[in-house]
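Undergrad: Please read through the structure below; I'll follow up with questions.
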Amino acid sequence: MDTTINKKYKILLVEDNPDDVFLIKYAIDELKTSIELIVFNNGQSVIEHLNTDNNIDFPDLILLDINLPKVNGLEILKTIKAKPIVSAIPTIILTSSDLPSDMECSYKYAASMYFLKPNNIQGFKEMMKYIIENYLDGTKIPTLSS
Amino acid sequence: MIRSIIHHDEQRLEGTFKRLKAIEDISYLCSSLFTTDLPTVANKVLKPFCELTDADYGLVFLVKDPDDQLYAEAVYGLPDEYIELRNTKEILTLNSRNVQDNWPSIRAMLKKQIIIIKDMDQMNMSFSKFFKDLIKPNKITSVAAVPIVIKDKSVGVITKYYIESHIFDEEEISFMRTTANIITSTIERNQLLEITKKSERELTQANEILKHVNQELDAFVYIASHDLREPLRTIESFASILQDQLKSSLSVTQNDCLERIVNATQRMRKLITDLTNLSRASQDTKENEVVDLNILLTEVQFELTAFIQKKKAEIIISDDLPKVVGNKEKITSVFKNLIANGIKFNKSMTPQVKISIHYDPTIASDKVCLSIEDNGIGIEKEYFKKIFGLFQRLHSQEEYEGTGAGLAIVKKILEKYGCAIWMESKINKGSKFFFTLVKEK
């Protein structure tokens, strides 16, 4: 009995820029998937959320911005990867920082991928398609028309 | 008779030897003294000066600012209390009238000459009571006073006293003059040294500040460019949504407007990226490494493949290129910029870019000079320097697109390695860029 086929996937997005939240949501909607997007706009609340021990409803994927107020994305990543259960969740860095040090640090803390935020909606759609197809098993997305 | 002549000569020789020894001692002392403090120097010199010329007593007086008073600074053969007595009993200046035993000293300073007195008894002058008390039961017969002159101003005097009558021959006078000269040149040398050290310190400090400000500026440019790119990305993204959603219903003009917004944001992003690259050009990201230019150029050509093919260009590497030291990415950026410029600003059927070693005897031995020559449109002489300025463009966007930051970045990278770039060019014939790189040791 395979339950994953009809499973509704859940993506946790940590992003404080409402424009980027809008663009990611828009891209996911355009891809016609029934993915649930949970948004946190700061590091503290997402760490609290993932720390809840009896949380059986963990996300299937985490999208993490680096440049966040107070606790930055790299610190969140480090915390997540130090926690046995949640460390298994694929965590993808989605940032506008092209600093080599940020990229090196992300992979050091076991990020699954490092994406530079695209410059247009086509780029957002292609990126989300790649992420969903590669990290959320069994989700097929029709070829994008450009 | 003969014996007495021989004896006399022996004595003279011994005197000469002693004085030579004294000069040697004094100059040795002074050569290792790195102070401009005259008291220190005078104190050191007094003893060998008196001892090796058989003087019984010696005194150093120094002029002290601000009121030009004379103070006893050091004594030889006299108890130290003389200094205190001399300095407290009465104020002594160069114009003092009642100078008694100090008359030769003051005279020497005023005249800036050595003063010699063979026989005090004939001079009708007396000594102060405390001086007489100190040397009892002796009395002074001969005196020599040697002024210390610095920058043509008497700043002190060394005076020596003899109980017995003393003959000051030419040689001894010359010895005294030499001693004074050694003191003077020691002080003057050390003053120069201090000035040099001070300017060196100031220069180092100024350099540090400059370095710090530059780093801050680069950091600022980096942060600013990052923050500037963010809203730009948003504008372009949302414009692209509008284009996406409205593509079938937009009029030609409306579509053109959106197109222009997107183009402008893209151009601005390019500008900001160049600004970031410029700020990174002088930053140390990685350790220097040995870079084989032959390999590096193969890679640069590979990276430019599409552009080379599109313009049907030819890259000619005419020499076996050397190995250089530096950051590989940055050196790549230098070649890439210059080669791409040679192809870009070129209207020939076959744009050619030739890379060779430039042999020039005026180039420093630790550097190698390379040239990149094209058969392009060339540059007027008045722009030879200007084109290395930031965002300096010689053509309109329609003619040749670009931000005009390329050569500024190239120049900044090269300058970071202490290297230079210059050029020569003829309109419609082509340009030749010369630049140096650090040779592998």
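The values are calculated or read from the model by the stated rules, or taken from the named source; none is laboratory data. Everything numeric in this text was worked out from a predicted model, so none of it was measured. Ideal geometry is used to build each Cβ from the backbone, glycine not excepted, and the neighbour counts take in all protein chains shown. Remember, those area values only see protein heavy atoms, side chains included, never the ligands or the DNA or RNA. Shrake-Rupley method; radii C 1.70, N 1.55, O 1.52, S 1.80 Å.
Undergrad: Please find, within the stretch A:98-128, the residue that is nearest to the other protein chains (Cβ to nearest Cβ) out of those that are among the small types (Gly, Ala, Ser) and touching a strand residue (DSSP E or B) at 6+ places or on another chain (Cβ under 8 Å).
TA: Per the stated criteria, the residue is A:SER106.
Undergrad: In the stretch B:215-258, which residues are open to solvent by 60 Å² or more (accessible area, probe 1.4 Å), closer than 30 Å to B:ILE409 by Cα and of a type in the set (Asp, Glu)?
TA: B:GLU216, B:ASP227
Undergrad: In the stretch B:259-273, what count of residues is obtained for those that are open to solvent by 70 Å² or more (accessible area, probe 1.4 Å) and within 11 Å of another protein chain (Cβ to nearest Cβ)?
TA: Adding up the residues that qualify gives 1.
Undergrad: Could I ask something else about it? Would you confirm whether any residue within the stretch B:316-325 is assigned by TED's automatic domain parsing to the domain that holds B:LYS412, closer than 25 Å to B:LYS412 by Cα and either crowded, with 18+ Cβ neighbours inside 10 Å or modelled with pLDDT of 95 or more (or both)?
TA: The first filter runs over the stretch B:316-325 and keeps only residues assigned by TED's automatic domain parsing to the domain that holds B:LYS412, leaving B:316-325.
Imposing the further condition that a residue be closer than 25 Å to B:LYS412 by Cα reduces the set to B:317, B:321-325.
Next, only the ones that are either crowded, with 18+ Cβ neighbours inside 10 Å or modelled with pLDDT of 95 or more (or both) stay: B:321, B:324.
Within the stretch B:316-325, one or more residues are assigned by TED's automatic domain parsing to the domain that holds B:LYS412, closer than 25 Å to B:LYS412 by Cα and either crowded, with 18+ Cβ neighbours inside 10 Å or modelled with pLDDT of 95 or more (or both).
Undergrad: Can you name the number of the only condition in (1) over 16 Å from B:VAL60 (Cα atoms); (2) under 39 Å from the mean Cα position of the chain (by Cα); (3) open to solvent by 60 Å² or more (accessible area, probe 1.4 Å) that B:PHE175 fails?
TA: Condition (3) is where B:PHE175 drops out.
Undergrad: Regarding the stretch B:46-56, can at least one residue be identified that is free of Cβ contacts under 8 Å to residues at least 40 places away in the same chain and more than 24 Å from B:SER165 (Cβ to Cβ)?
TA: no
Undergrad: Any chance you could count how many residues in the stretch A:31-41 are at pLDDT 90 or above and open to solvent by 70 Å² or more (accessible area, probe 1.4 Å)?
TA: The total comes to 2.
Undergrad: Would you check if B:LYS312 is in contact (Cβ under 8 Å) with a residue 60 or more places away in the chain, among the basic types (Lys, Arg) and open to solvent by 40 Å² or more (accessible area, probe 1.4 Å)?
TA: Numbers: in contact (Cβ under 8 Å) with a residue 60 or more places away in the chain: no; among the basic types (Lys, Arg): yes; open to solvent by 40 Å² or more (accessible area, probe 1.4 Å): yes.
No: the conditions fail for B:LYS312.
Undergrad: What's the number of the only condition in (1) modelled with pLDDT of 90 or more; (2) open to solvent by less than 40 Å² (accessible area, probe 1.4 Å) that B:THR204 fails to meet?
TA: (2)
Undergrad: Here's something else I'd like to know. Please name all residue pairs, on different chains or six or more residues apart, with Cβ atoms under 8 Å, provided the first residue is in the stretch A:16-30 and is within 9 Å of chain B (Cβ to nearest Cβ) and the second residue is assigned to a loop (DSSP other than H, G, I, E, B).
TA: From the stretch A:16-30, the pairs are A:ASN17/A:ASP65; A:ASP20/A:ASP65; A:ASP20/A:LYS117.
Undergrad: Restricting attention to the stretch A:42-72, and to residues there that are under 20 Å from A:LYS8 (Cα atoms) and open to solvent by less than 40 Å² (accessible area, probe 1.4 Å), which single residue is nearest to the other protein chains (Cβ to nearest Cβ)?
TA: Across the stretch A:42-72, the extreme among qualifying residues is A:LEU63.
Undergrad: Can you tell me which condition B:MET123 does not meet? The list is (1) open to solvent by 40 Å² or more (accessible area, probe 1.4 Å); (2) more than 30 Å from B:GLN11 (Cα to Cα); (3) not small (Gly, Ala, Ser), and all the others hold.
TA: (2)
Undergrad: Right, something else. Which condition breaks for A:GLU75 when tested against (1) open to solvent by 40 Å² or more (accessible area, probe 1.4 Å); (2) within 14 Å of chain B (Cβ to nearest Cβ); (3) touching a Gly at 6+ places or on another chain (Cβ under 9 Å)?
TA: Among (1) open to solvent by 40 Å² or more (accessible area, probe 1.4 Å); (2) within 14 Å of chain B (Cβ to nearest Cβ); (3) touching a Gly at 6+ places or on another chain (Cβ under 9 Å), A:GLU75 violates only (2).
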